[in-house]
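Undergrad: Below you'll find the structure I mean.
Nothing in this text is a laboratory measurement; each read-out follows from the coordinates by a stated rule. Keep in mind it's a predicted model, so treat the numbers as computed, not measured. Here the Cβ is made from the backbone with ideal geometry for all residues, glycine too, and neighbour counts use every protein chain on show.
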Amino acid sequence: MSACEFESLERTLESHLPETELSEVKRILFGKETQKLDLPTCAVNAATERDFELKGYRFEAAPEQLRPPRRVRVGLIQNRIVLPTDAPIRDQIDAMHSRVGEMVEVAAMCGVNVVCFQETWTMPFAFCTREKEPWTEFAESAEEGGTTRFCQELAKKYNVVVVSPILEREGLRGTLWNTAVVISNSGSVLGKSRKNHIPRIGDFNESTYYMEGDTGHAVFQTQFGNIAVNICYGRHHPLNWFMYSMNGAEIIFNPSATVGALSEPMWSIEARNAAIANHCFTCAINRVGTEHFKSEFTSGDGKEAHHDFGHFYGSSYVAAPDGSRSPGLSRTRDGLLVVEMDLNLNRQISDKWSFKMTGRYSEYAKELAKTVQHDFKPNIVKE
């Protein structure tokens, strides 16, 4: 079995471990068990007819005397591109709108309040080819572009907050950004969050396409809680998650595009670590499939020229502040993960572990300020 055919770690464990051992292995690997959601039959049937995986899970919090539960349902959508990478640009965008639109409809059937798509969801992940054309044609306005208008209609129709990561073209200067547009369930554009960190590793060397973000660590207050968007490579930077949390994020989405040979051993760890360290929920989303490009490209690492950069392994999941996480979606199939969470769990875990209360932030700030000075000398004690 090749890497791209391997369905999921969870399925393999369930297929080969005795039930008595399976529960303990899952407890150690995934933390406290998340309960399955009872999803509507109409949604299950629609997902089957439209050929995508549908899973649902629930994170519970303890009952409180002074606060009612704050239950929110999020939907994570992972998918492969619909048309070949050399199809006309407009056809590719329209096909993606159609595919994701039908998945959002199923999310609405499941009562989802906030839905998030994968990184630059309207296009192939072409940044690694180093070609500007035709890929920059996918870039569009975050406020007035066709994809934002499409998402506004979804938001109004289904009363859902939409997080739409796109390649943004800004204003008269035409600056390109890797941007997540956040659209309120009212249909209005609430704001945008730009990718803070640009990868420079192997095929993923994207600095010739777009700039490091300038929106800081924006958090968006919605009817369903305070949300933030930590785009792709930002998940490797703990301080990036931390700053979204310090600005009040209760749920941090991490829309990504990453392949197995590069990052898969890190995938199940990073968003989960961030949920634990920052007393919040994190949502990791990755695309699936292998995207082929007409022109060969190289990585600048001595490897032979190639037409693709590997298998996007999906495996989207949600992690909770208590260290538990949901099972992931498939490594190979389009999918919708529906997760219900009680946001009261954030404060409950904060009260238990007190990571933020015991953090020595003023000390860190002083020392960090020193490290960026040209005359910085590490605090090393020598004999």
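Undergrad: In terms of the Cα gyration tensor, with a ≥ b ≥ c the square roots of its eigenvalues, is the range 240-351 rounded because a/c is under 1.5, prolate because a/b exceeds b/c, or oblate? Mind dumping the intermediate values first?
TA: Numbers: a/c = 3.13, a/b = 2.13, b/c = 1.47.
Judged from the Cα gyration tensor, the range 240-351 comes out prolate (a/c at least 1.5, a/b above b/c).
Undergrad: Of the DSSP beta bridges with both residues in the range 35-371, give the percent that are antiparallel, rounding to the nearest 5.
TA: So the antiparallel bridges in the range 35-371 amount to around 60 percent.
Undergrad: Report, in deg cm²/dmol and to the nearest 500, the calculated mean residue ellipticity at 222 nm for the chain, where each DSSP H run with n ≥ 4 adds -39500 (n - 2.57) and the sum is divided by the residue count.
TA: -9500 deg cm²/dmol
Undergrad: Can I ask one more? Determine which aspartates and glutamates satisfy two conditions relative to Lys157: a Cα distance under 20 Å, and not lying fewer than 8 residues away in the same chain.
TA: Asp94, Glu102, Glu105, Glu143, Glu144
Undergrad: Under a plain spin-label model, where a point goes 7 Å from the Cα along Cα-to-Cβ, how far apart in nm are Thr48 and Glu102?
TA: Once both label points are built, they end up 1.6 nm from each other.
Undergrad: Note the full-extension length gain between Val372 and Thr215 as 0.36 nm times their separation in residues minus their Cα-Cα distance, in nm to one decimal.
TA: Using 0.36 nm per residue and subtracting the Cα-Cα distance, I get 54.4 nm.
Undergrad: For the range 35-371, just say rounded, prolate or oblate: build the C-alpha gyration tensor, square-root its eigenvalues into a ≥ b ≥ c, call rounded for a/c under 1.5, and beyond that prolate if a/b exceeds b/c, oblate if not.
TA: oblate
Undergrad: What full-extension length gain, to one decimal in nm, is calculated for Arg360 and His236 as 0.36 nm per residue of separation minus the Cα-Cα distance?
TA: 42.5 nm is the gain from fully extending Arg360 to His236.
Undergrad: Provide the packing ranking of 320-332, 144-156, 30-42, i.e. peptides ordered by the mean count of other C-beta atoms within 10 Å per residue, highest first.
TA: Peptide ranking by packing, descending: 320-332, 144-156, 30-42.
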